[in-house]
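Below is one structure, written out as structure tokens; the observations come after it.
Where a number appears in this text, it was derived from the coordinates with a stated rule and is not lab data. For clarity, every value in this text was computed on a predicted model and none was experimentally measured. Cβ atoms come from the backbone with ideal geometry, glycine included; neighbour counts cover every protein chain shown.
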Amino acid sequence: MANTKQAKKRAGQSIKRRDRNRSVRSETRSVLKTSREAVETVGSVGSVSSVEAAADPATAATATVGAKDVVAKAASTLDVAVRKGVLHKKTASRLKSRIAKAANKSAKK
């Protein structure tokens, strides 16, 4: 335990920051997970709907638009994490690039 007044204050500040960072990190991880799942779903829907696309092209188009929205949400959430100092700028850039690459790959199927 802290002995001085300043050390006690710093310990309290550290706890507050830890809790704040934990919530941002948790939200970021959740959004990344859902975006990866959405991209994989579009990929599987895209490969299955090649036959269905002739009958109903709206199905494939809706799935692709939904994936784009999810990827945009992931990028926004990563940018927030960078602004709050939870993630490094290049880490967020790398993650955004990977999600976008996977989304583009699944959209081409």
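What to note about this one:
- Neighbours of A102 by Cβ distance under 10 Å: Lys/Arg scored +1, Asp/Glu scored -1, total +3.
- Note that segment 25-33 has calculated 3J(HN,Hα) couplings of 5, 5, 4, 4, 5, 5, 5, 5, 5 Hz, one per residue in order, obtained from phi through the Karplus relation 6.51 cos²θ - 1.76 cosθ + 1.60 (θ = phi - 60°); glycine and proline are x.
- Separation of the K90 and M1 label points, Cα + 7 Å toward Cβ, nm: 4.4 nm
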